[in-house]
Structure formats: structure tokens, C-alpha cells
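A.B. asks: Handing you a structure now.
The values are calculated or read from the model by the stated rules, or taken from the named source; none is laboratory data. Here the structure is a predicted model, which means the values were calculated and not measured. Neighbour counts run over all protein chains shown; Cβ positions are idealised from the backbone, glycine included. Areas reflect the complete protein model, heavy atoms only, side chains present, ligands, DNA and RNA absent. Shrake-Rupley method; radii C 1.70, N 1.55, O 1.52, S 1.80 Å.
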Amino acid sequence: MVCLLYTTLEVYTEYGIVSLLTLCLLLGMMSTLAFAADAKTDDIVILHTNDVHCGVTDGLGYAGVAAYKAEMEATHNYVALVDAGDAIQGEAIGLLSAGSYLVDIMNEVGYDYATFGNHEFDYKIPRLQELVKMAKYQYVSCNFRYIGTQPKDALKVAPYAIATYGDTKVAYVGITTPETFVKSTPKYFKDDAGNFIYTFCEDKTGQALYTAVQDAVDDARADGADYVVAIAHLGIEGTTDYWTSEAVIKNTTGIDAMLDGHSHEAFTKTVANKSGKDIPLAQTGTKLANLGKLTIAKDGAITSELISSEDYTEKDAHITDYITKITDQFSAELSKVVATSEVDLIDSDENGVRLVRNTETNLGDLCADAFRIMMDADIGIMNGGGIRKPIKKGDITLGTLMSVFPWGNLPCKVSVTGQTILDMLELGAMKYPSESGGFLHVSGLKYSILPRIASTIETTDQGEFVKVAGARRVCNVQVLNQKTGKYEPINVNKTYTLGGIDYTILYCGDGFSMFDSAKVIKAPDAKYTDAKMVTEYITTKLGGKIGSQYEKPQGRISILNYQDVTADQWYANAIDYVTEQKLMNGFGATFQPNTSISRAMIVTMLYRLAGAPAVEGKLSDRFTDCADDAWYTSAILWASQNKVVNGYGKVFKPDQAVTRQELATILYKYAVLNGADKVTSYAVSYTDTISDWAMAGVAYCTAAKLMTGVGGGRFGAVSSATRAQGAQILMTIDKLEKAA
């Protein structure tokens, strides 16, 4: 517009041009100045973090969060910063200050709102009350409620808070996982009589939680909120399915976006709510690997993204100095070298998957050993959730060990029965293969887990162990006899001493309520933490050096397909193979490897190996002793139609055991069906008698190395073939066919 005026007026008068040009330049400057004053957008930016776990300088670091927040404030009129829980616990900086350093830092960074994660309660409720008062930001949680009789002394926070951004109101609704009962410490939420005085709106359906959230959302809307943003510590992977963030969204309406935590995942996605509306859901991972950014545009559009620590490297100088002044107070002490390690002791794999929560690791073995040996106990245990960092090869500092054990848990020893040990292991393996903080690493003990057996554990609504109602998925439990050095089957009636942390065996953390009545043999000492005990184990029992004995896991926890098939048996690999390829099934928890193969079994095995082709016909018309709706029906039809197996006139005898020479004959016929040449020479040299009709089959299986003798030069022609032998043969055939 300015250029147009200049060009037009230039034609008429030189003086006028000069005069109006000046005016136009002034107008242009005024326009620029006006734009600069109103350059910020009215879009609302909500930055969010979760599961920082005291990682004040990890990832973006709080200095990076502050820097990015400042950038947003330079271009946006409305910027908020919120946290979805588990901020104040997880490293030495949290332990040494009982959380206060973290609150101080979050105050300085400029947080506005936060909700409780399960680990906010780890310093106990009286301390959390103090931290809430220290915080300049507001804690909110709609489902954490006091239900006791002394409300004056209770910890209470509002279910939501409303912030006004211009003419728009945004409600922040806090949600805390009901798993907090067992993923913090159950006794923290009880009175002296053992009664729960706090609730997280927990039940076995999730409905109590959904109702609490819906009520808070409805109330916020009634208070004038234009948008509702949930700050949730719920999680998805490895958490109780009806308490996940996805489940809450699917069972409620009115939430416009959910900022999540708890499961340490990093994502942005949408989940349909109860009305079918897609709701943004985001989580930033852990240790400030990412910063979440939710934008509510002026036109109502809502977008979500993650700011990666790899992409954003700016740091706020003031926050950097502020954190340094705090850490300098104890960094010298934490930097002291207390031991060395010749090996890497791991807690996670290269992708960040927390192995200590579902897998035996060398670090878990070291910890469990320390508890057994330093507590002078029969058995030592360490829960996976209590191990938070690896120990890398090289020097080990006090700070390293305090990072591995950041909770300040106290070692102790109790006396329990073998039955309690079995119940303990069953609860620890309840969620396998999913992650669980209650997954147990052991010392002086061995056990196996059967993933194919669904957990039958019953718990209270709060997640505490009640009983094992049916089949057990933990088996082959053996206790080390420290006199003989050999492992022996556990005796359910015998009393054993158990060394562990107070969180697990005194306060029943992770739901281990079977320890409620355990006899305390060695009480915890507030001056003797888990980190200090492990330090002493390394320095006094290992000579200050972790050596090659901990290079790999010790083989104390095994994962089995079947209770009666262990890794050291000759047929273990074959049985695992045919199970995974769905060529053979077990009998519930057992495979019964030494049971004879029946005629129905062998044809079913080969039928599956052939790809289970379609068949036609009525089996009962062919064999009167066979049903038309049995598990073997299609297989016997296929085998008889293709002359793999013959009947005995009008009967098949499906349950009759197959001898080894019969098995060889059946395998030979199956091979011919699939294109193998017929045997014309019977060059076999077994010393036992083989029937003439079986000679071709025995010769073929011997030459093809599918079957060998049973020792002493014998083929074992009339001996029954076992399921273990069948599994080995099927694996061999299947691998040969796939390699062809």
C-alpha cells in the first residue's frame, strides 16, 4: 500500500511526493511497531514432562526445558508447563534431599501444574505433604482421596485446576494410577490398625476410576472450562489393563487431550473416547528424553508433538547454574571410587527395554547375592523395580551405586515357610513376560516360569496378594543347600530365612502381602541402605572387584514351555521347536515326553507338518471307532486317504501306542507321499528282530538319520515310540523341508 501511494503521487508534484513519502514511511514504521507489539500468537502451548526420576541433566535436562519454554513464551501469549508424575525420586539428588531439591528446581523452571506419580509417595505421606506446600506449582489428582477418620492430618489436593488464557479457560484434571498402592508401599496408605485410609478409586473393573475422572471432567466443564486436559500417571505397556490411559479415555467423555506417564513410553497418538471422538494421548518417555508439546490453536485445533533431546540442545544458563550449585554440594562425595568392575552389569538392553523387570540379569544376580550373603540368609531376593541403573565396566563410584539404588531402601531379614516362598515367586512372575517391578531376582534359589500357564493369582482391589486360585506358573523351585553346595527341592513346610529390602518383605511393596506375618530376624537400620550394603558386599566379599563370575546371568531363572521339560534334557530344544511351530501340543503344564505316541498323535503331527490340508469325508464311515468331531478327525482322514497309515479293517485304534518300527514305516510312507524315492535295499545291521513289513521304513529312517538305535546295536523295534522321540524327528523333518 505504501509503494502504491508513492508511485501515484510522484506523477503530480515533486514537493507532494517528498511530503507524503515521509508520511508513508512513518505509517510503515507505525505498522511495524504495532505488529511487533502483537507478534505473539494466542495459541495455547502446554509443555509436559513425565517420569523424570531426578534426571535433572539427562536428555534435554531441566535447563533445556526452561530454554524451550522461554522460546515459546517469546512467540506465544499463553504457555504452561506441567508434569505427569514420578519427578522427585530416582537419583541421589532426590534421596539426599527427600525430594526437596527437585521441587526447588521445578519451581525455578516454572512449572504450573503436576499430578502424583506412584513414586511421589516413596518418602511417605507426611513428607509429601511438606513437598506439596513447598511447590509453587499446583498438584492435582481427581482419584486420590482420603477416606479415614482424621481429615485434619490428611493429604488432600484438588481434583482439577482451571487456568484462564485470554478468553479461554483450560482445566487440568490430575489422575494417579491405582497401581500406586503396590508400586509405592501399601502400608503408607494404611492406619496403625492396617486399614486403608486413602483410595485411588480402585476396583477390578476400572469403573471406579472412570467415574472419578468423569465426575471431575463434568465438574470442570460446569465451572466454565472450555477445554479439559488430563495430566495422568497411568501408562499403557506393562500396566493393569483397565487402569491404562487408553482405558480411561475409552470409558469417558469430555477430555480434550491426555498427557500421560508411568510406563516410560514415548509417543503421540489418538484414542477414541466413549463417544467415538479421537483424543490426543502423549507420553514423553523418561529422564527428559523428550519434551511434550500440546498446542490448542485459536481455532480450536489441538496438535501434539515431542521435542527430542537429540534435536533440541539449547540450555538455559540460569537453570544450569542453579542445578550445579545444588549438585556441587554432594558431587565430591558421590565421585569417590569405591570399587571396580571387569564386566558390564546391565539393567536394560540397547533399546532401553528394562530387562530387570522380566529377565534374569547379571546385575540382578549380584544384588540378590548381596542380600543373601550380607544378611546371612538362606535366600536373597531383589525386585526388578528397585534396580534403576546399570553398573558399567571400570571404576564404580558411590554415586553410581546410589543411582542403581536411589530409593534408600533398607536391608533386613525375615523367617518364612517354603509355602510363602512359592507364593512370593508366583506373584513375582504374575505378569511375565510383561514388565513388572515385582519381578524377583534370587540367590540361593532356582525357579522356572511357565508362560503358557495363565496366572491364577487373586488380589485385593488394591493389588495385594490373596491366594493362588488355580494352576501355578512357577515350578521346579530349588533351594541351595549351603553345606553341600547342591540345590534341593523346596520344602513347603520348612522355615527359611530371607534377605531383602524393607519395601518388599516388611512393607509388602508390589503387593507381597504374604510377608505380612513374617517373623523379623534382622530389623532394618536407617544408616544401612541397600546401596551401602552392596558396596560392602563388593569390597569385603569380592575384594573390591566384580569379576568374570558376573559376566553372565547365573541361570537361576529359566523360562519353560512345560514343567517336565528342562533345558538340560536332550529333547528340550526339539520340544520347544515343535511347540513354537505348533506341530505338537502339551497337556496343560506338561509335555509328557516319555509317554508313548498313539496312532492318532502321529498322524496328527504329520498332518500339521503337511500344512493341515483340507479333507472331505466322514471318518466314522471309514473307521467305526473314530468320532467325527474329535481332535484327530481331519488328520486320520488325511492319513488314511493318502495311505500314510492303514487301519485294521473297519477300526483305526486311535489310542493304540505306536512301536518304533511302526513309526519308521509311517515316516517312510509320509516321505514317499512327499516325493522321496522308494527303498529297494534293506541294508540295516540292528541285532534285534525287525518285521519284514517294517524293513523299508527302518532302512529309510536310518539312512535319512531320522531314527537311530536305542543302544547295544538294537533298533528297539517293538518298543513304544515316545513323544520326545517324535518331537526330535518332527523337528528334523521340518528343518530339512524348509531348507530344501
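A.B. asks: Could you tell me what % of all Cα pairs in the range 96-255 have separations over 26 Å?
C.D. replies: Of the Cα pairs, 28 percent sit more than 26 Å apart.
A.B. asks: If you wrap a convex hull around the C-alpha atoms of the range 642-717 and split its volume per residue, what is the figure in Å³?
C.D. replies: 101
A.B. asks: While we're on this one: Rounded to whole Å and sorted largest first, what semi-axes of the equivalent ellipsoid does the C-alpha gyration tensor of the range 75-162 yield via the square root of 5 times each eigenvalue?
C.D. replies: 22, 18, 10
A.B. asks: OK, next. Would you be so kind as to identify which of Ala332, Thr313, Leu291 lies farthest towards the positive end of the dipole of the range 290-336, taking Lys and Arg as +1 and Asp and Glu as -1 on Cβ and the Cα centre as origin?
C.D. replies: Farthest towards the positive pole: Ala332.
A.B. asks: If Lys and Arg each add +1 and Asp and Glu each add -1, what is the summed charge of the other residues whose beta carbon sits under 12 Å from the beta carbon of Tyr496?
C.D. replies: Charge balance near Tyr496 sits at +2.
A.B. asks: Taking just the alpha-carbon atoms of the range 207-273, what radius of gyration and Dmax come out, in angstrom?
C.D. replies: 11.8, 36
A.B. asks: Additional query: Is the range 175-312 best put as rounded, prolate or oblate by its Cα gyration tensor, with a ≥ b ≥ c the root eigenvalues, rounded for a/c under 1.5, and otherwise prolate when a/b is larger than b/c, oblate when not?
C.D. replies: oblate
A.B. asks: Additional query: Does the range 510-596 classify as rounded, prolate or oblate by the C-alpha gyration tensor (a ≥ b ≥ c root eigenvalues; a/c under 1.5 gives rounded; else a/b over b/c gives prolate, otherwise oblate)?
C.D. replies: oblate
A.B. asks: If you don't mind, another one. Which aspartates and glutamates have a Cα less than 13 Å from the Cα of Lys678, not counting those fewer than 8 places away in the same chain?
C.D. replies: Of all the aspartates and glutamates, none pass the test against Lys678 - Cα under 13 Å, at least 8 places apart if same chain.
A.B. asks: How long is the gain from Ser548 to Lys486 if the chain were fully straight, where each residue apart is worth 0.36 nm and the alpha carbon distance is subtracted?
C.D. replies: Full-extension gain reported as 20.2 nm.
A.B. asks: Just want to confirm a number: the relative contact order over the range 199-289, from Cα pairs under 8 angstrom separated by 6+ residues, in percent.
C.D. replies: After rounding, I find 23 percent.
A.B. asks: Sticking with this structure for a sec: Straight-line reach from Lys187: which aspartates and glutamates have a Cα under 12 Å away, not including same-chain ones fewer than 8 places off?
C.D. replies: Candidates past the 8-residue exclusion: Asp122, Glu464, Asp502, Asp510, Asp516.
A.B. asks: Once you list every other residue whose beta carbon is under 13 Å from the beta carbon of Gly194, what net charge do they have if Lys and Arg are +1 and Asp and Glu are -1?
C.D. replies: Its environment carries a net charge of -2.
A.B. asks: Okay, helix-only estimate at 222 nm for the chain: each DSSP H run of n ≥ 4 adds -39500 (n - 2.57), divide by all residues, round to 500 deg cm²/dmol; what do you get?
C.D. replies: When only DSSP H runs of four or more count, the value is -9000 deg cm²/dmol.
A.B. asks: If you don't mind, there's one more thing I want to ask. Taking 30 Å as the cut-off for C-alpha to C-alpha distance, list the pairs among Lys269/Lys582; Lys325/Lys532; Lys124/Lys325; Lys392/Lys494 that go past it.
C.D. replies: Among Lys269/Lys582; Lys325/Lys532; Lys124/Lys325; Lys392/Lys494, the Cα-Cα distance tops 30 Å for Lys269/Lys582; Lys392/Lys494.
A.B. asks: Find the accessible area per residue for the range 280-400; the probe is 1.4 Å, ligands and nucleic acids are left out, and the unit is Å².
C.D. replies: In whole numbers, the range 280-400 has 42 Å² accessible per residue.
A.B. asks: Where does each of 704-710, 210-216 land if you order them by average Cβ count within 10 Å, highest first?
C.D. replies: 210-216, 704-710
A.B. asks: Give the average over all directions of the projected area of the C-alpha convex hull of the range 408-563, one decimal, in nm².
C.D. replies: Here the figure is 10.4 nm², rounded to one decimal.
A.B. asks: From the P(r) of the range 74-116, could you give the percentage of C-alpha pairs in the tail past 15 Å?
C.D. replies: Summing the P(r) tail past 15 Å for the range 74-116 gives 48 percent.
A.B. asks: Taking the Cα atoms of the range 138-222 alone, what are Rg (to one decimal) and Dmax (as a whole number) in Å?
C.D. replies: 14.5, 51
A.B. asks: Okay, moving on. Magnitude of the Cβ-charge dipole of the chain, K/R +1 and D/E -1, about the Cα centre, nearest 20 debye?
C.D. replies: Value, rounded to 20: 3280 debye.
A.B. asks: Determine the dipole magnitude for the range 160-207: charges of +1 sit on the beta-carbon of Lys and Arg, -1 on that of Asp and Glu, nothing else is charged, the reference point is the Cα centre, and the result goes in debye to the nearest 20.
C.D. replies: 80
A.B. asks: Moving on to the next point. Can you spot the aspartates and glutamates whose alpha carbon is less than 18 Å from Lys643's alpha carbon? Ignore those fewer than 8 places along the same chain.
C.D. replies: Within the straight-line cut-off, Lys643 pairs with Glu616, Asp621, Glu662, Asp677.
A.B. asks: Less than 12 Å Cβ to Cβ from Phe623, Lys/Arg counted +1 and Asp/Glu -1: what total charge do the surrounding residues give?
C.D. replies: Charge balance near Phe623 sits at +2.
A.B. asks: Follow-up question, since we're still on this one. Using a 7 Å offset from Cα along Cα-Cβ at Leu736, what residues in the range 689-715 end up with backbone N under 20 Å from the label point?
C.D. replies: Correct set: 694-711, 715.
A.B. asks: Remind me, relative contact order of the range 575-651 in percent, using alpha carbon pairs under 8 angstrom and six or more residues apart?
C.D. replies: Answer for the range 575-651 is 27 percent.
A.B. asks: Calculate what fraction, in whole %, of the accessible area of the range 701-740 sits on carbon and sulfur atoms when a 1.4 Å probe is rolled over the protein chains.
C.D. replies: With neighbouring chains kept in place, the figure for the range 701-740 is 58 percent.
A.B. asks: Using only the Cα atoms of the range 635-677, each taken as one equal point scatterer with no solvent, compute I(q) by the Debye sum, divide by I(0), and report log10 of the ratio at q = 0.20, 0.29, 0.31 Å⁻¹.
C.D. replies: Log10 of I(q)/I(0), two decimals: -0.65, -1.16, -1.22.
A.B. asks: Would you please put 49-56, 171-178, 590-597, 360-367 in order of how densely packed they are, using the mean number of other Cβ atoms within 10 angstrom per residue and starting with the highest?
C.D. replies: For the peptides 49-56, 171-178, 590-597, 360-367, the packing ranking is 171-178, 49-56, 360-367, 590-597.
A.B. asks: Compute the Rg/Rh shape ratio of the range 309-433: radius of gyration over Kirkwood radius, all on alpha-carbon atoms.
C.D. replies: The Rg/Rh ratio comes out at 1.06.
A.B. asks: Something else now. What GluC sites (Glu not before Pro) does the range 288-324 have in DSSP loop regions with at most 10 other beta carbons within 10 Å?
C.D. replies: Glu310
A.B. asks: Largest first and to the nearest Å, give the Cα extent of the range 532-663 along each principal axis.
C.D. replies: The Cα atoms of the range 532-663 stretch 77, 28, 20 Å along the principal axes, largest first.
A.B. asks: Ignoring any ligand, DNA or RNA, what whole percent of the accessible area of the range 175-330 comes from carbon and sulfur when the probe is 1.4 angstrom?
C.D. replies: Summing carbon and sulfur atoms, their accessible area is 45 percent of the total for the range 175-330.
A.B. asks: Separate question: Compute the relative contact order of the chain as a whole-number percentage, counting only Cα pairs closer than 8 Å that sit 6 or more residues apart in sequence.
C.D. replies: Computed over the chain, the figure is 10 percent.
A.B. asks: Charges on Cβ only, +1 for Lys and Arg, -1 for Asp and Glu, centred on the Cα centroid of the chain; of Cys508, Ala39, Ala98, which one is farthest towards the dipole's positive end?
C.D. replies: Value: Cys508.
A.B. asks: For the range 591-682, state the semi-axes of the equivalent ellipsoid (square roots of 5 times the eigenvalues of the alpha-carbon gyration tensor), sorted largest first and rounded to whole angstrom.
C.D. replies: Value: 21, 16, 13 Å, ordered largest first.
A.B. asks: Taking each pair of distinct Cα atoms in the range 287-359 once, what is the resulting Kirkwood hydrodynamic radius in Å?
C.D. replies: Kirkwood radius, the range 287-359: 17.2 Å.
A.B. asks: Dipole magnitude of the range 461-596 about its Cα centre, charges +1 at Lys/Arg Cβ and -1 at Asp/Glu Cβ only, in debye to the nearest 20?
C.D. replies: The calculation lands at about 440 debye.
A.B. asks: To continue, here is another question. Kirkwood hydrodynamic radius (Cα pairs, Å) of the chain?
C.D. replies: It is 30.4 Å.
A.B. asks: I've got another one for you. First obtain the Kirkwood hydrodynamic radius of the range 370-461 from its Cα pairs, then insert it into the Stokes-Einstein equation at 10 °C and 1.306 mPa s, and state the resulting D in µm² per second as a whole number.
C.D. replies: 105
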